[in-house]
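A quick write-up on the structure given underneath.
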Amino acid sequence: NHETPYVVAMQRMYRIDDPQACFTFDHAPMAKEPSLAENERFATLQFKTKCATVIHGLAGYFECKLFRELSISTNPLTKSQGMFSWFPIFFPLRHPLAVRPGDTVEVNIWRKVSESKVWYEWCLTAPIVSRLHNPAGRSYSMSLNS
């Protein structure tokens, strides 16, 4: 399914550009429970291609500051050495995209929340506009209920 992100060990891949920060979460002690809207996120990211290639999806990485200087990361630029229990996430594209050197690939990504689930939606906005992947979490979501 091209609307389901996959948590995978990415070994045979080509990065068109360096990873960029997308969403930030601060889990400091809170005076109140955050609202659903406060847990939603949106980002637009732009990547410059270095060579002609075909893009089949997007890689998502995780960086977490656990305590003071202690952190874990799946980002290839800051990856935690010896860590094998956390993997990046792959957001597939329904239609692969051929790009040329110097093209700008622009991506919109949302983290959406309802009373019962969390999900991601994504689309390309350059060099072409793609359809929205996984609207309303129709193909993939994470349950908030146990």
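Quick look at the values:
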read-out	value
Loop-resident sites, region 43-146, for GluC sites (Glu not before Pro), counting at most 10 other Cβ within 10 Å (DSSP)	Glu69, Glu115
Within a Gaussian network of the chain (alpha carbon springs, distance under 10 Å), most fluctuating of Ser130, Ser116, Ser73	Ser116
Approximate spin-label separation Gln11-Lys117, in nm, with each point projected 7 Å along Cα-to-Cβ	3.2 nm
Å³ per residue enclosed by the Cα convex hull of region 79-129	150 Å³
Hits among lysines - C-alpha to C-alpha of Lys65 under 30 Å, sequence gap 8 or more where chains match	Lys32, Lys48, Lys79, Lys112, Lys117
Nearest-20 debye value, the chain charge dipole, Cβ charges on Lys, Arg, Asp, Glu	360 debye
Relative contact order of the chain, defined on C-alpha pairs under 8 angstrom at six or more residues apart (%)	28 percent
Accessible-area value, Ile72, 1.4 Å probe, nucleic acids and ligands omitted, Å²	40 Å²
Among Phe84, Phe42, Phe62: highest mean-square fluctuation, GNM of the chain, C-alpha pairs under 10 Å	Phe84
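The values are calculated or read from the model by the stated rules, or taken from the named source; none is laboratory data. Everything numeric in this text was worked out from a predicted model, so none of it was measured. Positions of Cβ are backbone-derived with ideal geometry, glycine not excepted, and every protein chain shown enters the neighbour counts. For the accessible areas, the whole protein counts, side chains as well, though only heavy atoms, and no ligand, DNA or RNA atoms are used. Shrake-Rupley method; radii C 1.70, N 1.55, O 1.52, S 1.80 Å.
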